[in-house]
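Below you'll find the structure, written out as C-alpha coordinates, and then a few comments.
The values are calculated or read from the model by the stated rules, or taken from the named source; none is laboratory data. What you see is a predicted model; the values in this text were computed from it and never measured. Glycine gets a Cβ as well: all are built from the backbone with ideal geometry, and neighbour counts include every protein chain shown.
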Amino acid sequence: MKAYGLGRLTKEPELKYSASGTAYLMNSIACDRKDKDKTTDFFSIKAFGKTAEAMGKFLHKGSKILVEGTLQNDTYDSKDGVKKTTTSISVSAWEFAESKGEKTTKETTDNSFLNVAAGVVEEELPFS
(Lines give C-alpha, C1' and ligand atoms only; values in the text may rest on other atoms or scores of the structure.)
Protein backbone atom coordinates (compact mmCIF):
# COMPACT_ATOMS: atom_id res chain seq x y z
CA MET A 1 0.00 0.00 0.00
CA LYS A 2 1.39 3.40 -1.00
CA ALA A 3 1.93 5.80 1.89
CA TYR A 4 2.92 9.45 2.26
CA GLY A 5 3.89 11.19 5.46
CA LEU A 6 4.66 14.82 6.27
CA GLY A 7 6.33 15.36 9.60
CA ARG A 8 9.46 16.05 11.62
CA LEU A 9 12.14 13.51 12.50
CA THR A 10 11.90 12.59 16.16
CA LYS A 11 15.59 11.74 16.67
CA GLU A 12 18.98 12.16 15.03
CA PRO A 13 19.30 9.78 12.07
CA GLU A 14 21.71 6.92 12.71
CA LEU A 15 22.94 5.23 9.54
CA LYS A 16 23.82 1.56 10.01
CA TYR A 17 25.03 -1.24 7.74
CA SER A 18 23.84 -4.83 7.58
CA ALA A 19 26.25 -7.78 7.58
CA SER A 20 26.02 -7.80 3.77
CA GLY A 21 26.97 -4.09 3.62
CA THR A 22 23.53 -2.61 2.85
CA ALA A 23 22.94 0.81 4.42
CA TYR A 24 19.77 1.17 6.47
CA LEU A 25 18.18 3.78 8.70
CA MET A 26 15.27 3.52 11.12
CA ASN A 27 13.58 6.54 12.67
CA SER A 28 10.13 8.02 13.14
CA ILE A 29 8.27 11.14 12.11
CA ALA A 30 5.88 13.22 14.19
CA CYS A 31 2.84 14.28 12.17
CA ASP A 32 0.41 16.89 13.47
CA ARG A 33 -3.29 16.30 12.93
CA LYS A 34 -5.47 19.21 11.89
CA ASP A 35 -7.94 18.76 14.72
CA LYS A 36 -8.96 21.08 17.52
CA ASP A 37 -6.92 19.11 20.08
CA LYS A 38 -3.69 19.46 18.04
CA THR A 39 -2.94 15.75 18.32
CA THR A 40 0.40 14.42 17.11
CA ASP A 41 0.84 10.93 15.63
CA PHE A 42 4.18 9.15 15.41
CA PHE A 43 5.00 6.84 12.50
CA SER A 44 8.01 4.54 12.19
CA ILE A 45 10.02 4.90 9.00
CA LYS A 46 12.82 2.83 7.53
CA ALA A 47 15.04 3.34 4.50
CA PHE A 48 17.64 1.26 2.72
CA GLY A 49 20.55 1.77 0.32
CA LYS A 50 21.17 5.18 -1.22
CA THR A 51 17.92 6.54 0.23
CA ALA A 52 19.15 5.73 3.74
CA GLU A 53 22.59 7.18 3.02
CA ALA A 54 21.11 10.48 1.79
CA MET A 55 18.78 10.71 4.78
CA GLY A 56 21.68 10.07 7.14
CA LYS A 57 23.79 12.72 5.45
CA PHE A 58 21.29 15.57 5.11
CA LEU A 59 18.69 15.19 7.86
CA HIS A 60 18.74 15.99 11.56
CA LYS A 61 16.36 15.67 14.48
CA GLY A 62 13.48 18.06 13.82
CA SER A 63 13.93 18.16 10.03
CA LYS A 64 10.55 18.54 8.35
CA ILE A 65 10.28 16.05 5.50
CA LEU A 66 7.80 14.48 3.13
CA VAL A 67 8.29 10.73 2.73
CA GLU A 68 6.88 8.43 0.10
CA GLY A 69 6.91 4.68 0.42
CA THR A 70 4.90 1.61 1.23
CA LEU A 71 3.27 0.48 4.46
CA GLN A 72 4.84 -2.70 5.76
CA ASN A 73 4.02 -5.02 8.64
CA ASP A 74 6.93 -6.78 10.34
CA THR A 75 6.41 -9.65 12.77
CA TYR A 76 8.85 -10.72 15.46
CA ASP A 77 8.92 -12.64 18.74
CA SER A 78 9.42 -10.54 21.87
CA LYS A 79 11.82 -11.54 24.65
CA ASP A 80 8.95 -13.23 26.48
CA GLY A 81 7.99 -15.26 23.39
CA VAL A 82 4.94 -13.22 22.37
CA LYS A 83 4.49 -12.60 18.63
CA LYS A 84 4.44 -8.85 17.91
CA THR A 85 3.59 -6.90 14.75
CA THR A 86 4.81 -3.42 13.90
CA THR A 87 3.82 -1.20 10.99
CA SER A 88 6.21 1.25 9.35
CA ILE A 89 6.67 3.23 6.17
CA SER A 90 9.42 1.81 3.99
CA VAL A 91 10.74 5.00 2.40
CA SER A 92 11.42 4.94 -1.34
CA ALA A 93 11.73 8.74 -1.75
CA TRP A 94 11.84 11.81 0.47
CA GLU A 95 12.27 15.54 0.21
CA PHE A 96 12.70 18.54 2.46
CA ALA A 97 9.37 20.13 3.40
CA GLU A 98 10.84 23.51 4.36
CA SER A 99 13.82 25.56 3.30
CA LYS A 100 16.84 25.86 5.56
CA GLY A 101 16.09 29.48 6.43
CA GLU A 102 12.28 29.25 6.42
CA LYS A 103 10.59 31.05 9.26
CA THR A 104 7.48 29.70 10.88
CA THR A 105 5.87 33.09 11.46
CA LYS A 106 2.56 33.95 9.85
CA GLU A 107 3.63 37.48 8.95
CA THR A 108 2.42 38.57 5.53
CA THR A 109 3.32 41.45 3.30
CA ASP A 110 2.14 42.93 0.05
CA ASN A 111 4.33 40.27 -1.59
CA SER A 112 2.61 37.38 0.18
CA PHE A 113 1.11 36.17 -3.09
CA LEU A 114 4.71 35.34 -4.09
CA ASN A 115 5.29 33.49 -0.80
CA VAL A 116 8.13 35.90 -0.01
CA ALA A 117 8.96 36.62 3.63
CA ALA A 118 8.87 40.20 4.89
CA GLY A 119 12.04 42.17 4.17
CA VAL A 120 13.40 39.72 1.59
CA VAL A 121 12.57 41.76 -1.50
CA GLU A 122 14.89 44.75 -1.52
CA GLU A 123 14.58 45.81 -5.12
CA GLU A 124 11.60 46.55 -7.31
CA LEU A 125 10.01 43.55 -8.99
CA PRO A 126 10.28 43.73 -12.81
CA PHE A 127 6.57 43.03 -13.36
CA SER A 128 5.13 45.43 -10.77
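Would you confirm whether or not the stretch 11-30 contains a residue that is modelled with pLDDT under 95, loosely packed, with under 12 Cβ neighbours inside 10 Å and not hydroxyl-bearing (Ser, Thr, Tyr)?
No.
Here is a check on your reading of the model: is Thr70 β-branched (Val, Ile, Thr), touching a Lys or Arg at 6+ places or on another chain (Cβ under 7 Å) and touching a residue at least 40 places away in the same chain (Cβ under 8 Å)?
Judged against the criteria, Thr70 is a match.
What are the residue pairs meeting all of these: first residue in the stretch 1-13, first residue within 23 Å of Ala23 (Cβ to Cβ) and assigned to a strand (DSSP E or B), second residue of a type in the set (Phe, Trp, Tyr) and at pLDDT 95 or above, Cβ atoms under 9 Å, and 6 or more apart or on different chains?
Short answer, once both residue conditions are applied: Ala3/Phe43; Gly5/Phe43; Gly7/Phe42; Gly7/Phe43.
How many of the residues making up the stretch 62-75 are closer than 20 Å to Glu14 by Cβ and either of a type in the set (Phe, Trp, Tyr) or within 10 Å of the chain's Cα centre (by Cα) (or both)?
Result for the stretch 62-75: 5.
If you go through the stretch 47-83 one residue at a time, how many are out of contact with any Leu (no Cβ under 7 Å at 6 or more places or on another chain) and in a strand (DSSP E or B)?
Final tally of qualifying residues: 14.
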